[in-house]
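Okay, structure first, notes after.
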Amino acid sequence: MTDTAFKWTCIKCDKTIPQDQEYCPECEEKRYRKIGGLLFLPFLNMLLISYSYFTSMAFTLKASIDTLGYLSLPQSTYLFICAGLNFIVLLYIIYVASLFLRKKKELPLAYSVLLVAGIVIMLIDRGIGRYLFPQIALDFNQIMPIVTHTIYACIWIPYFRYSVRAKKTFIR
C-alpha cells in the first residue's frame, strides 16, 4: 500500500475538491446553467396549458358569437369576458415561458402565480357558470380539473421555492 493520501476529484475535470462535493465550482456552475432534470416537466406543462387556454378561448369566442341574441345579456357578456380572460392568461403564459427560457430569477414567483391563478379562475368560472347556466350540471368532469391542478400546484410550487436545482438554475 502507498503512503499517499486519497484525493477527492471533480467528476468532470479531475480537479481536487472537498469530500462532500462531486464537482468543482466551475463545473458546478456549468452544470446548473442548463435547464435539466425535472425542470423540463413544468415547461412541457406550460405548452399544454397554453394549448388548453387557446382552444378554450377559440371555443368560447365562437360560442359567444354564435349565440349572440339568443342568450340573455349576462350570459353573453360572461362568454365574452371568459374569452378575453383566456387571452390575457395566454399572454401571461407566453411571458412565463420567456422567463423560463431566459432562466430569469423572476420565474419561480411568476410560475407560482400562474398555477394559483389557474386554480382561482377555474373556481370562479365554476361558481359563476353554475349561477348563469343552471342547466349545466356541476359533475365529475368539471371538478376533476380543479383537483388535478391543485395537486400539480402542491408539487411544483414547493419545488420551485426550495429545490437546489431550481435555485441554482434561476436564482443567481
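The values are calculated or read from the model by the stated rules, or taken from the named source; none is laboratory data. If you're wondering where the values come from, they're calculated on a predicted model, not measured in any experiment. As a convention, Cβ positions derive from the backbone with ideal geometry for all residues, glycine included, and neighbour counts pool all protein chains shown.
Worth a mention:
- Residues being over 15 Å from residue 39 (Cα atoms) and either in contact with a His (Cβ under 8 Å, 6 or more places away or on another chain) or of a type in the set (Gly, Ala, Ser) (or both) - total across the stretch 72-109: 4
- Cross-chain or 6+ apart pairs with Cβ under 7 Å, the stretch 10-27 first and under 14 Å from residue 168 (Cβ atoms), then at pLDDT below 70: 22/11; 23/11; 23/12; 23/31; 27/12
- Residue 126 meets the conditions (1) in a loop (DSSP other than H, G, I, E, B); (2) within 27 Å of residue 156 (Cβ to Cβ) in every case but one. The failed one is (1).
- Close pairs (6 angstrom Cβ cut-off, 6 or more residues apart or separate chains): outside the structural domain of residue 162 (by TED's automatic domain parsing) in the stretch 109-122, outside any helix (DSSP H, G or I) anywhere: none
- Pairs where the first residue, in the stretch 140-157, is in the same structural domain as residue 108 (by TED's automatic domain parsing) and the second is hydroxyl-bearing (Ser, Thr, Tyr), C-beta under 7 Å, 6+ apart: 157/112
- Counted residues, the stretch 93-120 - those being in a helix (DSSP H, G or I) and either crowded, with 16+ Cβ neighbours inside 10 Å or basic (Lys, Arg) (or both): 15
- Qualifying residue in the stretch 71-83 (condition: part of a loop (DSSP other than H, G, I, E, B) and either touching a Ser or Thr at 6+ places or on another chain (Cβ under 7 Å) or on the phi < 0 side of the Ramachandran plot (or both)): yes
- Flag if residue 85 is touching a helix residue (DSSP H, G or I) at 6+ places or on another chain (Cβ under 8 Å), more than 24 Å from residue 160 (Cα to Cα), among the hydrophobic types (A, V, I, L, M, F, W, C) and surrounded by 15 or more Cβ atoms within 10 Å (Cβ to Cβ): yes
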